[in-house]
Amino acid sequence: MNRDDAPLDLQSLVIHGDQDWSHPELNDTALAPAIYTASTYSARTSEEFAAMANEPRHPRYYARYGNPTQERCERLAARLENAESALLCASGMGAMSTTLLSLVKAGDHIVAQSAHYMGTSQLLTDLLPGLGVEVTLVDQRDADAFRAAVRPNTRLITVETPSNPTLALTDLAAVARLARTHGITTLADNTFASPINQRPRDFGIDLVLHSATKYLGGHSDLIAGVVCGDAARIEGIWKRSIALGTNVSPFTAFLLLRGLRTLPLRVARQSENALALARFLEKHPAIARVHYPELESHPQHALFKQQMQHGGGVLSIEFEGDAHTGYRAAKQFAASLRLARHAVSLGGVETLVVHAASMWEASLSPERMREAGISPALVRIAAGLESAADLCADMEAALAAAA
Ligand SMILES: *Cc1c(COP(=O)(O)O)cnc(C)c1O
């Protein structure tokens, strides 16, 4: 920790937070971390070997259990989320599946949202029920719905805010209070906000999860996930991860640490660009609705001010028109952009758009799409680091082509 033990600002944490402040003599003097590719590590004595094998999370034992590059990245990730400990995994879904499988067993009950990342929804509505876990899905915007869904066997409440693709919010403090009174663990997927715009643990949430593929990595060149929380829960999740084999590669841990150094700068710019696009598109006659929590018109703007710094890099828009004309305009718009690329994912340096309905219509029923908030006329925009003026000009030209 720094001299007077005052917590560092996030901007300083991303630069220095991978150092071990309680054992400075153990810190690597190389400024850029080494990539430990070894699959296994030797002991000098049998006592040392026993210690390596039995000490949980020993970073130099066998690489499925961890490695020093990963440990350095995890130290920083934990501090960014105001947590004691963190576990890196091979992907966001690796972190989510490992976390869920470590927290619940047959006979337990989970309260979750009807809107979650599609992979998370599959775990909650297919894999876990098949293993004997009960799941109740609620409207995330309704704090009373969470309360009404709690049962004596509820072990976990899992939330995601802002959620995909309509940027609906969940009241983190209300969920945390409810869970505390019933002794229930809480988990928040904080991928969309990133720790720069929202820190769920500051509102009482136990575990915070990221698809590090998105903002934390930030360069569209790695797949990883991370879960942050108290040391005891993270050790339990780590035990599951070594059985499930969801460990991250040391190369990925290196890349992620490199990306994290610029997280506050990138997210600040992405949030500015998203707000500029939201304000520009809200005024355009072809656009019926803009979903972005930092806009005064967002139905949960008061909650936004309570728990977020800025709205983040993602917004979504809905075109005017019916299921047919709105759908056509949205699809044409996505195809007519020059600067913004037509691709899934978010959080990278480049602006990406997806027309959600054409992406999901082959695999989801119209009813399931409605439940997930995917209107035929909806386009999701993930702002990158380009100039806001160039992005607005690109969107304006594409809107003209779609008219
Ligand atoms: C992308 C994403 C995930 C899954 O992460 P992967 O790294 O692709 O496995 C989970 N939650 C949210 C909110 C995401 O955007």
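Residues Ile15, Ile35: which one is in contact with a helix residue (DSSP H, G or I) (Cβ under 9 Å, 6 or more places away or on another chain), closer than 25 Å to Arg258 by Cβ and open to solvent by 40 Å² or more (accessible area, probe 1.4 Å)?
Details: Ile15 fails: in contact with a helix residue (DSSP H, G or I) (Cβ under 9 Å, 6 or more places away or on another chain).
Just one listed residue meets the conditions, Ile35.
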Of these, Arg79, Arg64, Arg44, which one is over 23 Å from His182 (Cα atoms) and crowded, with 18+ Cβ neighbours inside 10 Å? Arg79
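Within region 316-336, does at least one residue satisfy the condition of being assigned to a loop (DSSP other than H, G, I, E, B) and within 24 Å of Ser220 (Cβ to Cβ)? Talk me through it step by step, then tell me what you get.
Of the residues in region 316-336, the ones assigned to a loop (DSSP other than H, G, I, E, B) are 320-324.
Imposing the further condition that a residue be within 24 Å of Ser220 (Cβ to Cβ) reduces the set to none.
For region 316-336, residues assigned to a loop (DSSP other than H, G, I, E, B) and within 24 Å of Ser220 (Cβ to Cβ): absent.
Among Leu364, Leu391, Leu385, Leu378, which is the only one that is farther than 26 Å from Val349 by Cβ and outside the structural domain of Thr125 (by TED's automatic domain parsing)?
Values: Leu391 fails: farther than 26 Å from Val349 by Cβ; Leu385 fails: farther than 26 Å from Val349 by Cβ; Leu378 fails: farther than 26 Å from Val349 by Cβ.
Unique residue meeting the criteria: Leu364.
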Identify all residues within region 271-302 that are more than 15 Å from Leu169 (Cβ to Cβ), open to solvent by 40 Å² or more (accessible area, probe 1.4 Å) and in contact with a strand residue (DSSP E or B) (Cβ under 8 Å, 6 or more places away or on another chain); write none if there are none. Glu282, Ala288, Arg289
Extreme residue, farthest from the ligand (Cβ to nearest atom), among residues of region 179-190 that are open to solvent by 10 Å² or more (accessible area, probe 1.4 Å) and in a helix (DSSP H, G or I): Thr181
Look at Arg261 and say whether it is at pLDDT 95 or above and open to solvent by 30 Å² or more (accessible area, probe 1.4 Å). yes
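Could you list, in sequence order, all residues of region 140-161 that are small (Gly, Ala, Ser) and touching a residue at least 24 places away in the same chain (Cβ under 8 Å)?
Going residue by residue through region 140-161, those that are small (Gly, Ala, Ser) are 143, 145, 148-149.
Within region 140-161, Ala143, Ala149 meet the criteria.
So, in region 31-56, exactly how many residues are part of a loop (DSSP other than H, G, I, E, B) and under 37 Å from the mean Cα position of the chain (by Cα)? Don't jump to the end; show me each part of the working.
At the first step, the residues of region 31-56 found to be part of a loop (DSSP other than H, G, I, E, B) are 31-39, 41-45, 55-56.
Checking the rest, the ones that are also under 37 Å from the mean Cα position of the chain (by Cα) come to 31-39, 41-42, 55-56.
Looking only at that region, the number is 13.
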If we keep just the residues of region 95-116 that are within 16 Å of the ligand (Cβ to nearest atom) and open to solvent by 10 Å² or more (accessible area, probe 1.4 Å), which is farthest from Gln70 (Cα to Cα)? Ser114
Thr158 surrounded by 24 or more Cβ atoms within 10 Å (Cβ to Cβ) and assigned to a loop (DSSP other than H, G, I, E, B): no
Looking only at region 339-355, which residues are under 18 Å from Ala389 (Cβ atoms) and open to solvent by 60 Å² or more (accessible area, probe 1.4 Å)? Leu339
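Would you confirm, using the coordinates I've provided, whether Pro195 is open to solvent by less than 10 Å² (accessible area, probe 1.4 Å) and in a helix (DSSP H, G or I)? So that I can check it myself, show each step before the final result.
Numbers: open to solvent by less than 10 Å² (accessible area, probe 1.4 Å): yes; in a helix (DSSP H, G or I): yes.
Yes: the conditions hold for Pro195.
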Between residues in region 43-59 that are at negative phi and residues that are surrounded by fewer than 14 Cβ atoms within 10 Å (Cβ to Cβ) and among the aliphatic types (A, V, I, L, M), which pairs lie under 9 Å by C-beta distance while being six or more apart or on different chains? Ala43/Ala50; Ala43/Ala51; Ala43/Ala53; His58/Ala51
Could you figure out which of (1) in contact (Cβ under 8 Å) with a residue 60 or more places away in the chain; (2) among the small types (Gly, Ala, Ser); (3) within 17 Å of Lys214 (Cα to Cα) isn't true of Ala115? (3)
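This table checks each residue for (1) away from the ligand (no atom under 13 Å from the Cβ); (2) more than 11 Å from the chain's Cα centre (by Cα).
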| residue | (1), (2) |
| --- | --- |
| Thr154 | yes, yes |
| Leu167 | no, yes |
| Val175 | yes, yes |
| Phe192 | no, no |
| Leu207 | yes, yes |
| His219 | yes, yes |
| Gly229 | yes, yes |
| Ala232 | yes, yes |
| Ala243 | yes, yes |
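Sort out which residues of region 77-94 are part of a helix (DSSP H, G or I) and more than 16 Å from the ligand (Cβ to nearest atom), and write them in order of number. Spell out the reasoning first.
Residues of region 77-94 that are part of a helix (DSSP H, G or I), as a first pass: 77-80, 92-94.
Across region 77-94, the qualifying residues are Ala78, Arg79, Leu80.
Per-residue answers, yes or no, for (1) in a helix (DSSP H, G or I); (2) open to solvent by 10 Å² or more (accessible area, probe 1.4 Å); (3) hydrophobic (A, V, I, L, M, F, W, C); (4) more than 18 Å from Leu207 (Cα to Cα):
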position: Gly119; (1), (2), (3), (4): yes, yes, no, yes
position: Leu137; (1), (2), (3), (4): no, yes, yes, yes
position: Arg147; (1), (2), (3), (4): yes, yes, no, yes
position: Pro162; (1), (2), (3), (4): no, no, no, no
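The values are calculated or read from the model by the stated rules, or taken from the named source; none is laboratory data. The structure presented is a predicted model; accordingly, all values stated were derived computationally and were not measured. All Cβ positions, glycine included, derive from the backbone under ideal geometry; neighbour counts span all protein chains shown. Surface areas here come from the heavy atoms of the whole protein model, side chains and all, with no ligands, DNA or RNA. Shrake-Rupley method; radii C 1.70, N 1.55, O 1.52, S 1.80 Å.
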